[in-house]
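These notes concern the structure reproduced below.
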Amino acid sequence: MNIDALKQKHRLLKEVDYTVTPIDKGYTDKILYINLDSLEPTIKDVPEVMKEKFVGGRGYGLRLLWDGTKPDTKWNDPENEIIISPGPIAGITQYSGTGKSICVSISPQTDIPIDSNVGGFYGPFLKFCGFDAIELQHKTDKDLIIVLDGTTGKIRFEEIPADYPADSHELAEVLTEIYADDEKDKKNVAVVSSGAAAEHSLIGMLNFSFYDSKRKKVRLKQAGRGGIGTVFRDKGIRALVAKVPGIKGNLNNVVDLEAIMERGKRFNKEMRELDDSQSEMRTKGTAHLVNIMNDYDLLPVNNFKYGSHKDADAIHGDVWKRLFTQGVPDGCWIGCNMSCAKGVDEYLLRTGPYAGQRVIVDGPEYENAGGLGSNCGIFNPDFIIEANFYCDTYGICTITWGTLVAFVMECYENGILNEERTGGLKLNFGNADSAMELLHQLARGEGFGVIAGMGVRKMKEMFAEKGWGDPAFMQDIGMENKGLEYSEYVSKESLAQQGGFALTNKGPQHDEAWLIFMDMVNNQIPTFEDKAEALHYFPMFRTWFGLQGLCKLPWNDVEPENNAETDEPAKVPEHVDNYVTIYKAVTGKPFDKEELIRQSERVYNFQRIFNIRRGYGLRVHDKQPYRAAGPVTVEEYESRAERYDTQLKEQVGINPEGMSTEEKVAAMRTYREDRYEQLVDAVYKRRGWTKNGVPTIEHLKSLGMDLPELIEVIQDKL
């Protein structure tokens, strides 16, 4: 690519000077609002009540989205917004996992607010440029780049031609070259973009770049869930760019830097001494989980039908270790010692528009290996790497894509789909060639790829309307809840994890509650009340990371050596204390672990009521597909017949002898569906909600969230 020639194609539409507000105790207290129609930027002050009750990150995004939209705003209405906010702790460099930001919008998939967390440099750089959030509203008819230059105090709106690079790996590289002064300055430029497939689907995602100084390459991290990349391209935005003068040790202007440094050194020591024996994050990243999940019957195989497979060794963590480049600091933010952002360097692509090129592929992470691989019955590392690359550069969520392709494959094997309906694609389980072509079709806006890009929920509706299959069967096997596809863990034998997926506000995403080992393996939460307590604490605790700009992984993927000896090892109390200490050290505010949960409860209940405001957020919307709870088919039951027969006898109180498999499946279903409803009752009670899932006024008052606009939404639902 000729960078100078591409640079000449930029047309400056507007340039606005602004004053870069310095950060004080983690905040600038400024929001950059941009009207994409008029290209008019407005700098808004953060009201003190918003800062107090919504904290930052996901909280700011939800508050701004509520204020900017109406109850019936659609995802592609001009008034829908995209908000990116990093949170007060984001941007410090003395503790691992402090470079996250949260993206919020009305989702094309779910029609409710989606929040998606992401690494990379743009979130911290946004704050270093003077803003706690950027709020994008309305649409432009241009192919627009918005440049936020913290080195000169300028906001620039630039138009690029339609033939400019469309996909993220090229676009991020080009824009980094253009806006960096020289090679050394590339680390001070960050780009947000999507790709070609986001324009033709509802499942588009955003890529946030970071410059890898060791590799001297631009890399990408993903805000994957819920279709925010689709909204991004629908609004006419091709990219956001942020540039900063440099990164120093205390740009957040914290109150007590020494306290943060002390906790950071303590954690770094744990990583050095314990990671190899605990999680191997520095050598395998999250892909170390593949073999663990397979061993415990939790790895999704053939659309979550099974939890393990004899060929899973082909995508074992050790395989990824051999493929990943070792010995480089693989962090997606400065100062992070998890080193989990693994990559495959110089990978030779075999298919698609970039065939024959050598590229860096970020990951695969566990979700990619489980979703693109085993869940589609494909145990081929090369396919997973290439599909991972193309999902990323095309701007498609890998979790969503893996789960929806698995659904398509099961539909194909059951006659709901055939070659005539798929345009000639043989989409049986294990068919890597057809699966890859489906992805390329979507990027081109062609064929059955566009149908797949609607997501599982809309495919179920379409296939039923056309009379292609039994709607009840498709409901059972279509692994979505609220319109969002499941992430890649089999929850059948963990009732708590079923709740951890289906009782979320945004849809089934593992970043809210991952309770399988507590529940299924270690039996630490045996009663409904125990499970409800876990489904209160852990979603609230994990919500807090999204308020602050933190990554979850340093919390519990490596634990202190004596953690098992503590009263509550699942909570990793020493690391909880680290976060309490860091929050106080950044902001100077009084804080403890109880207030940590209360901060999250305020935002979590606000998001629940936001869903209700939009016509969702009730018990009926927390129902799960039965495949998440138990065996749907005879084949499924018989693959684990001994397990299920024993459960019928010991748990259900039914002697399975003499019963047909169909009768056993029905009996098991009645039992498990009843158990789930009892869990829902217990969780709602613990969360302070009615039996219909509505936060009570008394609960809101106890949190200081009895805001008039919230009471107005729920009062006729109580």
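Among the listed pairs K74/K506; K216/K265; K589/K701; K9/K184; K492/K531, which are separated by more than 18 Å between their Cα atoms? Don't skip to the answer; put the middle values down first.
Values: K74/K506 16 Å; K216/K265 27 Å; K589/K701 22 Å; K9/K184 24 Å; K492/K531 15 Å.
Over 18 Å apart, Cα to Cα: K216/K265; K589/K701; K9/K184.
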The Cα radius of gyration of the stretch 325-477, divided by 2.2 N^0.38 Å with N its residue count, comes to 1.13
Interchain or sequence-distant (5+) residues whose placed amide H lies within less than 5 Å of the amide H of A133 are L32
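For the stretch 495-714, what does the convex hull of the Cα positions come to per residue, in cubic angstrom?
Details: hull volume 31.5 nm³, N = 220.
Enclosed volume per residue, from the Cα hull, is 143 Å³.
Considering Cα pairs under 8 angstrom that are at least six residues apart, work out the relative contact order of the stretch 3-243 and quote it in whole percent. Present the calculation step by step, with values, prior to reporting the outcome.
Details: 599 pairs, mean separation 55.6, N = 241.
Relative CO of the stretch 3-243 lands at 23 percent.
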Length-normalised contact order of the stretch 495-714, Cα under 8 Å, at least 6 apart, in percent, tallies to 24 percent
extent check for the stretch 188-307: Cα max minus min per principal axis, descending, whole Å, gives 49, 47, 30
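Before anything else, pin down the relative contact order of the chain: Cα pairs under 8 Å, at least 6 apart, normalised by residue count, whole percent.
Details: 1561 pairs, mean separation 100.7, N = 718.
With pairs under 8 Å counted, the relative contact order is 14 percent.
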Summing -39500 (n - 2.57) over every DSSP H run of at least 4 in the chain, dividing by its residue total and rounding to the nearest 500, the 222 nm mean residue ellipticity is -11500 deg cm²/dmol
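Going by C-beta contacts inside 10 Å, put V218, V192, V558 in order with the fewest on the left. Each step should come with its number before you reach the end.
Numbers: V218 24, V192 32, V558 27.
Starting with the residue having the fewest Cβ neighbours, the order is V218, V558, V192.
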Inter-part gap, Cα centre of the stretch 514-528 to Cα centre of the stretch 25-82, in whole angstrom, is 38 Å
For R421, other-chain or 5+-apart residues with amide H closer than 5 Å (H placed, Pro excluded) are none
Honestly the stretch 435-584 on the Cα gyration tensor test (a ≥ b ≥ c root eigenvalues; a/c under 1.5 rounded, otherwise a/b vs b/c for prolate or oblate) is just prolate
Bounding extents of the stretch 3-243 in its principal axis frame from Cα atoms, largest first in Å, are 46, 41, 32
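Using the scaling law 2.2 N^0.38 Å as the reference, what is the normalised Cα Rg of the stretch 524-646? Working shown, then result.
On the way: Rg = 19.1 Å, N = 123, 2.2 N^0.38 = 13.7 Å.
The stretch 524-646 yields a ratio of 1.40.
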Sequence order, the stretch 703-714: Karplus ³J(HN,Hα) from phi using 6.51 cos²θ - 1.76 cosθ + 1.60, θ = phi - 60°, Hz rounded, Gly and Pro as x, gives 9, x, 10, 7, 6, x, 5, 7, 4, 4, 6, 9
Scalar couplings 3J(HN,Hα) for the stretch 16-32 by Karplus 6.51 cos²θ - 1.76 cosθ + 1.60 (θ = phi - 60°), nearest whole Hz, x for Gly and Pro, are 10, 7, 8, 9, 6, 6, x, 7, 10, 6, x, 10, 9, 6, 10, 10, 9
Computed ³J(HN,Hα) along the stretch 78-89: with the Karplus parameters 6.51/-1.76/1.60, θ = phi - 60°, integer Hz and x for glycine or proline, the list is x, 6, 4, 10, 10, 10, 10, 9, x, x, x, 7
Distance in nm between E420 and Q651 label points, each 7 Å along Cα→Cβ, equals 4.3 nm
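Fewest to most neighbouring Cβ within 10 Å: what's the order for Y164, Y60? Write out the running numbers ahead of the final one.
Numbers: Y164 18, Y60 27.
Listed from fewest to most nearby Cβ atoms, that is Y164, Y60.
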The rounded separation in angstrom of the Cα centers of the stretch 615-682 and the stretch 219-249 is 42 Å
One finds the C-alpha centres of the stretch 110-181 and the stretch 379-440 to be spaced, in Å, by 30 Å
Counting only residues 5 or more apart in sequence or on a different chain, those whose built amide H sits under 5 Å from that of W75 are none
Note on the chain: alpha-carbon gyration tensor, axes a ≥ b ≥ c; rule is a/c under 1.5 for rounded, else prolate if a/b larger than b/c, else oblate; result rounded
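Every read-out reported here was derived from the displayed coordinates using simple, explicitly stated rules and does not represent laboratory data. Remember, it's a predicted structure, so these values are computed and weren't measured experimentally. Neighbour counts are summed over all protein chains in view; Cβ atoms, including those assigned to glycine, are modelled from backbone coordinates with ideal geometry.
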